[in-house]
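What follows is one structure encoded as structure tokens, with my remarks underneath.
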Amino acid sequence: MNFNQFVVRNTMRNKHLYLAYFLSTMFSVMIFFTFSVFAFHPILADGLNRQAQTGMMVAAVIIYGFAFFFVMYSMGVFLQSRKKEFGLLMIQGMSPLQLRKMVFIENLVIGLFATIGGILIGLGFSQIILLLSKQMIGIEFAFYFPVKAIGMTAAAFIVLFLLISFFIQFSLPKLSVQTLLKAGELGKGSFKASLWRSLAAIILIGAGYGAALWARGTTVFMVFIPVVFVVILGTKFLFDQLSVFIIERLRKSEHVFWKKTNMVVFSDLAFRMKDNARSFFLVAVISTVAFAAIGTLYGFQDMLVGTLDRTPYEFSLADGNAEQIKAVDDRLTKENIGYEKTDYRYVTTADASFITEADFNKLAKATGDQTVAVGKLQAVQVQPDVGGTADSSKQSAVTIDNTDYEVTGTVASHTLAVGMPLFVIPNDTKIPDASQYETVIWLTADASEEKLIAVGDALAKNDRGLIAKSATRHEIIGMYSPILFVGIFIGIVFFVSAGSFLYFRLYSDMDQDIEKFRMIHKLGLAKKELRKMIYQQIGILFFTPIIVSLCHGAVALTAMYHMFNMKMQLAGWEVLGIFLVIQIIYYLVARSFYFRKVYRTLANS
């Protein structure tokens, strides 16, 4: 058997470890290739402005850089799990040069096939995304063969694997044979978590959360960097100190530790938490970035488009003359679009805006809002309807011409939003030195969206003061969808990579788990009990960083929405919920494969 044959056979014997590394690297290639397919698509390459194209290229660099970091990390974990094997090979006479050569060849071969496989799978995956793109981001992509994307992906990842294969081998000769042979015992021993650092984790994260939730408007920008620094430091202490401290306390509780199979589950959980603290920290931070990026972008689009969707009228013209109003009427009549027209007036002072009861009720009846009745020296505060609910806060009184009017309640409006407090007042109220504004709105019925977009574009082209709902919505989606797509894509890359970190850490400890369960299995451990212990242990390791990142993400999204004085949007909760469901599916699949592998090994031993 020559050296090359040995490398091939050794790869086949460790196929469960090689397969994990191969699949993760192939997935990185597929993600980068799929993004490149969109970046080089003629619609985006020719249809976006220079800033958007630059953004797409920057996003590609970010994805590639993260792929480099992820593959390097995966390779490090992969080699870490094989240290004992390397020690045995060196005892058998393998020189450090041959060991480096073996790792170099293995990584090049895996990288080559991962690149080819990632491109081939990416071809099919990208075409599915192209077909679904209209429903996903509102853009209809035509099919094309991505020659540029194939060339760039192949070149980029060949260079990546060459660099990693070259640099990773230099870490091997620095390890002694004794260190390599004892690699399976690393992380065992006695250590004590710091009480003060454990308390610091609670204090730092609590302070960061408090500041983030307290900030409003532009204050969010002022506290952003300090909060991020404090929460990241607290997260580090959470995983390498507080989690270990809690587990050690649970181990000292006889009621918990000696209950059923908890003794086995908690026996080395503290060591595994300590050993995996760096991985969990990376997973939590990366997942939080993914949640915040996607939740902010998705929520911002929902805010812009959702506000238009909740607007009851199709066209609006502020302070227009008779000729402008007639132009809208004529165009709608010409296109056979039925409409109902109404107008309203409001006045503005330095502190507030006011609309009469008659004008407000006329507008409310036309748009389906609630009408109001105000008495003498009374007023009702108008709150813009945001996401189907209005802010219930109100002033107790408002002063008009040195006279106090009691504010008796609030009313929601889908139409009125003037940027300052707005009040419904009695019809005969006189307001001196006030500026008056008049607005005409058109409510349409039985018209297709395509026709309304065309009419809106034509009217807005001739009259810049006209607001056309469907045309504006179409323009926002066209401009914002590529940005949203890029953000979601990067977020998905981060989240999937975070899940892969957990996957690698799980499988790198498989040999130690098998040895532990083999000894217990000989004492009569039942299959049901083994399944329960494995599921509990994997569940703790999988969901601890994810739950932390979900909490971080919820606070981060709430702070982002506070910049616009909004409550936590449904869009934000949807993003967090979707990622949680994905992680649960990931966990169910991983635990099933892991249990079958462990039990099959025990049954055959």
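For the stretch 274-410, a/c is not less than 1.5, where a ≥ b ≥ c are the root eigenvalues of the C-alpha gyration tensor, and a/b does not top b/c. That puts it in the oblate class. Would you mind checking Lys252/Lys274; Lys252/Lys516; Lys101/Lys274; Lys84/Lys532; Lys362/Lys430 for any pair whose Cα atoms are more than 25 angstrom apart? Exceeds cut-off: Lys101/Lys274; Lys84/Lys532. Ranking Ile31, Ile540 by solvent-accessible area of protein heavy atoms (1.4 Å probe, all protein chains present), from largest to smallest, gives Ile540, Ile31.
The values are calculated or read from the model by the stated rules, or taken from the named source; none is laboratory data. Not measured: the values here are computed from a predicted model. These accessible areas exclude ligands, DNA and RNA; they are computed on the full protein's heavy atoms, side chains included. Shrake-Rupley method; radii C 1.70, N 1.55, O 1.52, S 1.80 Å.
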